[in-house]
Structure formats: structure tokens, C-alpha cells
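Worksheet: the structure to be examined is printed underneath.
Laboratory data are not the source of any read-out in this text; all were calculated from the coordinates shown. As the structure is a prediction and not an experimental result, all values here were calculated from the model. FYI the Cβ positions are ideal-geometry reconstructions off the backbone, even for glycines, and counts take in every protein chain you see.
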Amino acid sequence: MAGASDTPLVLLHRPPSLDFMDEILSRNFRILNTDTSSEPLPIFLSRHASSARAFVVVGRFFVTAEILSYLPSLQLLVCGSVGFDHVDLAECKRRGVVVTNARNAFSDDVADCAVGLLISVLRRIPAGDRFIRSGDWEKYGEFRLGSKVSGKRVGILGFGSIGSFVAKRLEGFDCVISYNSRSEKPSVPYRYYSDILSLAANNDVLVLCCSLTEQTHHIVNREVMESLGKDGVIINVGRGKLIDEKEMVKCLVDGVIGGAGLDVFENEPAVPEELFGLENVVLSPHSGVATQGSLDNVAEITLANLKAFFSNRPLLSPVQLD
Amino acid sequence: MESIGVLMMCPMSSYLENELQKRFNLLRFWTSPEKSVFLETHRNSIRAVVGNAFAGADAQLINDLPKLEIVSSFSVGLDKIDLGICKDKGIRVTNTPDVLTEDVADLAIGLIIALLRRLCECDRYVRSGKWKQGDFKLTTKFSGKSVGIIGLGRIGTAIAKRAEAFSCPINYYSRTVKPDVAYKYYPTVVDLAKNSDILVVACPLSDETRHIVNRQVMDALGPKGVLINIGRGPHVDEQELVKALTEGRLGGAALDVFEKEPHVPEELFGLENVVLLPHVGSGTVETRNAMADLVVGNLEAHFSGKSLLTPVV
């Protein structure tokens, strides 16, 4: 562990299961790990973290105004995630704290997961696997047909790194790609829809890849689902709160939409139990990012941002604070 | 044409049954308890057989049907049809190429992701309430992994195209090198398996390709490699596969086909590094209808003296 007193002090908060960066960070910086104490966090921070200029957060820890108030020297917040809806950005801006995220670290894996969920829903993969393991194939023979993936019209909500990676993969399936995002992107070769309702009306599948903000909260509501229609499928690899979950459950149970592949939910790990009996739904425990490859990428970009910061070089993945 | 007897070997599509019934005298082989009596009764009126991947026209059936003129298969695979005897007797054979290529390739990619990312396991994890007790474990990344394809025909090529979009380097084995192809050729299946993370079976089933994935190939693929079978069950030595998986010598397998469908070795049911599907490679409403249209179209063409749409023999 780096011990020299001029080695920068970096505060680290992560759940015990996500300790994959501990070693590499300790090799490069003086790490103050919130894990080392059983004191309530505010006390721990007041006692030990007042000189920390950088704070690394892994996992879903809410960086609130209160937490920030215990970190008077803080200048850099490094998020080990792509999403930063758990950070009080306004307060960071007010305090002059720069925020970085994990940029593309997860994009391959999340995009793979989105496409995997899409194929799994349309072609009924988990349902087919259950059909065999339960002995039903030998007993009943016939398994209900699925729906063709190739050539489907897919509307992507949010065209950042993840959205564009999803589009690239789906091109291999000759899917017709269109998108909606805050503004049209001139370099993107796909059709742009200026609002989510028309995106839903003109597509067979909606893939949600945008960040969660005040504007996108419950952006997929009943009206959007009715527009998508009874054969339409929703794939969510963004954030649970992008969808009005209660309405979605009703729409699935009543056949207002055709199916869903969901990696995220409004109140994880709670998942509406009405979904458990549905065959046209594939559920995943927010594991879109969970491969060693992604974790290695996160460690790499976290380290790079910290090194850049402490040597006064430009950060690799700063987040826009307004 | 209503008097022309068309023998359908097993249930495969109610849409197809309806369309055949409108045009011909459709005889449903599976509804008769006494098969030999049935054939005796109808032997002089049956001029066409419609088969699929489960049941086709073997030597015995062909010999029992003296008026047989055409076998129209509801599949692209021809392994259930005795092509040699058909050629000798001048019996025409048609299949359903192209219309199912995309579905099978889509499913192959779906199986790869479902296996590597444990999507079926994840779905079970959430439905059983286990997520409340803790996060699911790490799984294996797909993007960038090397994909080795046995057989680079229509389906193999479509699989390669899709895998390329995931930045996967593509390797292949086939009987001869394909000169205009940018993928890496391996002269043996063992070499292909040694040099690929994911091995996909996509060639036709013949005497030469039976058990083409044997113990040696599975050992070459190894405990980090995975096997994807969207071809035919007999492509893989199933007994050896079960041993390789239960002993941890093979990393995982995703199978849409089995040696004796619908029977699946029960030792596989408890494994989480396995994905099992009930032969649904072409199993979409859109594709099964397109296949049915081809079967009907071929029969209509034959019985009105026109050129067959998709002849094999």
C-alpha cells in the first residue's frame, strides 16, 4: 500500500462484493476505504476524510448534499458506473466538484445484454429451456412459435455509447434502426423521431438506453405502450424508472404490449410478482454490466481519471453538470 | 388436384395442413394407429410425401408407395430422406432453403448470448426471489470472443455476419477453403475447436458429418469453450457431450437439436452452463408460413407440369 505522505488521499466507497478495484487503487494512491470502520458514515467522513480531494464510488451509493458536506476538500467524484442519477449534480456543481463516469466501460456488455434480451423475448429462449427441463417437450411436443428477429423495426431511446453499440449489433440482423434522443445527431445514419410517441408508433421493438433524468422519468408511460401496440416489445437496459412500472405490468398482463426484456426495475431488487407468471417476459437482475471484462474496463478508466486529476491533466470522462 | 394423395408424415404446421387440404387429398400419417394397413389402403393414391426434420421418406416408405412422384420437405435439412433411392427412381425432392436462414442464424446468436451471459439462469434467479438475497454472479463477455463455424453455407455465413457485428473474429471449417471469404480457415474441426472460444455447428448432416463433434473436438474446445448446435442432434456425440459437461471438461453448451428428439438427456437438466431448446431454429410464425408456402408452391408446380421452386433432386 502506498504510504508516502505526499501520495494523494483518495476516499473509496464500495459494497464488499465490488472490491475488484481495491488492489489496483491501493497500489497507486493512499486509499481511505469506508469499509474499514463500523462508525456511522457521517462520523467516519468527518474524522478521516476532510483532506480527501478525490472520492471513488462503486455501486449504488447516493452522493447527497449531506455526504458532500463532510468532504470540504473534495474536487473530484469518480463514479464506477455510467449512470450518475444517484449523484446530486447540482450540489457538485455548486461546490466545484468535477464528476467523471465510466464512459464506455460497460457499453459492449450492456449492448450484448440488450440484444440477448431482445432475441430471448422474441424467440422465447428461457420459455423453451423451461419447457424442456420440466419434461413438457416429451409430454406435449408442441412449443408455441416465436417471432422473427431479423428485419424488425427497432427504435432506440438514447443514442449515446450504449445506444450506438446496440444499433451496430442489430444491423447484423438487418433490423431497421431509428432513434430518439434529446437532439438529432447529424452523424448518425438512422432515422430520427423527435418524440418517443412517434418512435413507439413506428417500431416493433423499443430499446431504452438513455440516462435517467427529470425529463426521462417514466418517459415510457401508458400512452407510449399503447402506441407501441400488442405485438410490441420493450427492452430496458437503462434505469427502471424510465418506465411507469405499474402501468407496464398492467399492459403486459392485459396484452396491450407483446412482451418485455428487463434488466432494471424501479425498486431493485424488488420485482413486481405479476411478471413471474408471464411467458412473454425475460427478467434479469441488473447484470447487464456484470462481466470481468466490464469490471476491468471500469478499473482502467477510474485509475486513468485519478492519475490525470492528480497530475493536472485533462480528465478522460467528465460528466456535464448542467 | 383434389384426388391427388399427399401423405404428411407428422404434425408440423396447421397452416400447412389447411393449405394442402384445400388443394389435395391430405392424408395424416400420425392419425392412423396401424401404419402398414394405412399404407396398403392408400398406396395407389399417394403421389407426394411431405416430411420434416423428424420424419421424412426412408427407403422402406418409398418402396411402399409405388405412385410416389415427389417428396417435399418442410425443412432445409435432407437427412431424413433417402436421396439415393429418389434419384434412382426419378422421384423429385424439394426443401425450404433461404426462407429459414435468418431465423436459424438469429437463434444461434441468441443461444450464444443466453449461454455466456446466463440469461435463462438470470431469469430463474429473479423469478425465484433469490435477487433479494444478493446479486447474481459475474458472467462471461460475448463481444470480441472468437467464433468457429463448422460449415460456411447459407446459415454459417449468416451467423458469421451477425457475430462480426459483436467484433468477434470468425474462423471456419468446411470441406474446402472458400476463396472469397475473409475469415480464417482451419483444415480440421479439432484445429477449429482449439482456436475458437465458441464452436457453432452449421453444416448439413450426412454420413461424413455424423458425430463430427466428438470427444477429441470437445477436449480441444476445453473448459473455457462452448458448443452451439443448431444443426442436427447426430452432429454431436451426445453421450460424450453429457460426460464432458458433467465432468467440467467443456465450458458449456447451447443445443436446439438432439439425437433422439424429443428426448433430452436428463443429466443436462441440472446444469446451469447449458441452454436447451425444443428444435425451434425456424420456429417463428413468419418463417413457418414462408416454409409452408414453399412446400405448397413446389407441389403445385410439380402437379401442373411447371418448374419446381426449390428442387434438390
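Some points to look at:
- Whether region A:174-302 is rounded, prolate or oblate, judged on the alpha carbon gyration tensor where a/c under 1.5 counts as rounded: oblate
- Tensor-based shape of region B:92-157 (alpha-carbon gyration tensor, a/c under 1.5 rounded, otherwise prolate or oblate): oblate
- Straight-line cross-link reach from A:Lys185 at under 22 Å between alpha-carbon atoms covers these lysines, not counting any fewer than eight positions away in the same chain: A:Lys168.
- Here the protein assembly as shown is assigned +1 on the Cβ of each Lys and Arg and -1 on the Cβ of each Asp and Glu. Its dipole about the Cα centre then comes out at about 1000 debye.
- Relative contact order for chain B: 17 percent, from Cα pairs under 8 Å spaced at least 6 residues apart, divided by residue count.
- Positive dipole terminus of chain B, leading residue within B:Leu116, B:Ala48, B:Gly248 (C-beta point charges): B:Leu116
- For region B:158-313, DSSP calls about 5 percent of its internal beta bridges antiparallel.
- Chain A, dipole about Cα centre (Lys/Arg Cβ +1, Asp/Glu Cβ -1), debye to the nearest 20: 740 debye
- Only one residue of A:Gln75, A:Ile162, B:Val126 has its Cα farthest out toward the positive end of the dipole of the protein assembly as shown, where Lys and Arg carry +1 and Asp and Glu -1 on Cβ, and that residue is A:Gln75.
- Of B:Glu102, B:Glu259, B:Glu267, the sequence from fewest to most neighbouring Cβ atoms within 10 angstrom is B:Glu267, B:Glu259, B:Glu102.
- Ratio Rg/Rh [Cα only; Rh per Kirkwood] for the protein assembly as shown: 1.05
- Cβ-based net charge around A:Asp22, under 9 Å, with every Lys or Arg adding one and every Asp or Glu removing one: -2
- Antiparallel bridge percentage (DSSP; both residues within region A:107-283; nearest 5): 5 percent
- Estimated FRET transfer efficiency when R0 is 56 angstrom, pair B:Glu272-B:Ser304 (beta carbons, to 0.05): 0.55
- Given +1 at the Cβ of Lys and Arg, -1 at the Cβ of Asp and Glu and no other charges, the dipole of region A:107-283 around its Cα centre is 440 debye to the nearest 20.
- Helix A:292-310 axis, angle to chain A major axis (alpha carbon atoms, nearest 10°): 30 degrees
- Cα centroid of region A:284-303 to Cα centroid of region B:68-117, whole Å: 41 Å
- Total formal charge among the other residues, if their Cβ is under 14 angstrom from that of B:Leu119, Lys/Arg +1 and Asp/Glu -1: +2
- Most mobile of A:Gly160, A:Gly128, A:Gly141 in a GNM of chain A (Cα contacts under 10 Å): A:Gly141
- Projecting the Cα positions of A:Ala260, A:Ile301, A:Val237 onto the charge dipole of region A:233-312 (unit charges on Cβ atoms of Lys, Arg, Asp and Glu, taken about the Cα centre) puts A:Ile301 furthest along the positive direction.
- Gyration tensor verdict on region A:36-76 (Cα atoms; rounded if a/c is under 1.5, prolate if a/b is larger than b/c, oblate otherwise): rounded
- Taken as entire DSSP H runs, the helices of chain B that both span 24 Å or more between Cα atoms along their own long axis and average -1.0 or more on the Kyte-Doolittle scale are B:285-303.
- Cleavage-rule hits, chymotrypsin sites (Phe, Trp or Tyr not before Pro), region A:1-67, DSSP coil, Cβ neighbours within 10 Å at most 11: A:Phe62
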